[in-house]
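Worksheet: one structure, shown below.
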Amino acid sequence: MTIAKLDKRLEKELAALKKEGRAKAEERVIQNYLPPTGNRGPRYKLVGSDKEFIRLNSNSYLSLSNHPRLIQAADEATHKFGVGPGAVRFIDGTFIHHKALEQRIAGFLGKPAAKIFNSAYTANCGLALSISDKKTHWIGDQLNHNSIIRAMRISNIPSANKGIFKHNDMKDLKRCLDAVGPEIERVVVIFDGIFSMRGDHAPIDKIVELCSAYDEKFADGVITVVDDSHGMGAYGDTGRGTQEHCGAVPDIVVGTFGKAFGVNGGFVAASKILVESVRQKADTYIYTNPLSVADCAAAVEALDICDSNEGLELLKQLKERTAQFRQGLDSLGLESIPGPHPVVPLMVRDTNRTHELVRFLYDHGVLVVGLTFPVVPKGDETIRFQVNSAITRADIDSVIEVLEKFK
Ligand SMILES: Cc1ncc(COP(=O)(O)O)c(C=O)c1O
């Protein structure tokens, strides 16, 4: 009967969340996917609605999730090895597909080695567990993703061993580096590649340059880590992400297969020794079943496509549609944060208006996400649009028309 008492307490907590405006809305449920036809991109049907929706809130930037080659690769792997690994990696849950994906993503990024995880979230946490000790100091951008913040929390370092710098502010990063105490042997500077609420990117070249100036000061140096979950596949001339866009390579790259690559799973790519440390020490790798062989086979296929003319064409389409959408916003005099990434925020700067516009778009068959306080600071209320390669020119025109109608 204890659960009844706990339920009562939790009910109060949930009510408080709602009152503070922090509760998530009921989840919408997708029940059908309608493939692209003619000049119309894919559409989605939701439970409880007859409408066919354009989805502008998906991270599948290259629209690879429904690519026949990925589906076939996943099918073949499943037919051969089944749907689940049966055990964790070190108890014979490692299949050739896991090893193949690790080699493929390391090669794609030009790193000596990589370890795959169930998600980028668990990759960040696993990395933190692997490289932190009491003499490690972590420094992060103030707008880092929740998984990085959580990773810093679970790394068990004293709270004094943490620094937060103002978003993309190199002067403030320098302040954080200068503040590191003499007892510290290792500094880890970690940041998102693309900031997913804004579509802007970390100045990786400047960060790497600044950090290298402090490298000699610490026994184990200053290690730079980018989590480029939103940049990987979708950014840079060949989809190598923010590091390619900025022309500078951090020591460690974390990422996901669950966004531009269209599948699922995360990874840490770095030196061979670091990756072996992750294998030995990352609880979120060791004590949990790995990705299915289907996920791995599909992700390898996604990387192969990215490295082909077809991938470059998808990237080109993504850039063109993103530019078209941004021009459309400009022509309506709407405010955004400039940049070429397919995350295009529309700055509404008002909570009620944000909710109204999300509803208006929904009523006109467009799925987007609205971000209001406390997810974003008051005054920064935003609607996040995410463009993808399968959206057509006509689709973008129709979304801009809907926005024009909204008064
Ligand atoms: C920077 C960053 N890291 C990690 C994640 C989580 O990725 P995954 O779904 O693979 O855990 C996200 C996405 O929401 C992200 O933006």
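Read-outs throughout are calculated quantities, based only on the coordinates presented, and are distinct from any laboratory measurement. As the structure is a prediction and not an experimental result, all values here were calculated from the model. For neighbour counting, all protein chains shown are included, and Cβ atoms are generated from backbone atoms with ideal geometry for every residue, glycine included.
Taking a ≥ b ≥ c as the square roots of the Cα gyration tensor eigenvalues, the stretch 1-142 comes out oblate, since a/c reaches at least 1.5 and a/b does not exceed b/c. In loop segments of the stretch 178-287 as defined by DSSP, the chymotrypsin sites (Phe, Trp or Tyr not before Pro) with at most 13 further C-beta atoms inside 10 Å of their C-beta are 287.
Charge dipole of the stretch 1-103 (Cα centre as origin; +1 on each Lys and Arg Cβ, -1 on each Asp and Glu Cβ, all else neutral): 400 debye, rounded to the nearest 20.
For the stretch 68-306, a crude dipole built from +1 on the beta carbon of Lys and Arg and -1 on the beta carbon of Asp and Glu, taken about the Cα centre, is about 400 debye to the nearest 20. Taken along its principal axes, the alpha carbon cloud of the chain reaches lengths of 60, 59, 52 Å, longest axis first. Estimated from helical segments only, the mean residue ellipticity of the chain at 222 nm is -12500 deg cm²/dmol, where each DSSP H run of four or more residues counts as -39500 (n - 2.57).
First measure r as the distance between the Cβ atoms of residue 4 and residue 71, then evaluate 1/(1 + (r/R0)^6) with R0 = 56 Å and state the FRET efficiency to the nearest 0.05.
Here the calculated transfer efficiency is 0.75.
So for the stretch 290-407, averaging the separation of alpha carbon pairs under 8 Å that are six or more residues apart and normalising by length, what relative contact order in percent results?
Values: 133 pairs, mean separation 31.7, N = 118.
Relative contact order of the stretch 290-407: 27 percent.
For the chain, averaging the sequence separation of C-alpha pairs within contact (under 8 Å, six or more residues apart) and dividing by the residue count gives a relative contact order of 23 percent.
When you count the other C-beta atoms within 10 angstrom of each residue and take the mean per peptide, 199-211, 174-186 line up highest first as 199-211, 174-186. Three principal axis extents of the stretch 68-306 based on alpha-carbon atoms, in descending order, are 56, 38, 28 Å.
Under 1.5 on a/c is rounded, so check that first for the stretch 142-203, then, if it is not, pick prolate when a/b is larger than b/c and oblate when it is not; a ≥ b ≥ c are the square roots of the alpha carbon gyration tensor eigenvalues. Judged from the Cα gyration tensor, the stretch 142-203 comes out oblate (a/c at least 1.5, b/c at or above a/b). Applying the criteria of a DSSP loop state and at most 13 other Cβ atoms within 10 Å to the GluC sites (Glu not before Pro) of the stretch 14-73 yields 20, 26, 27.
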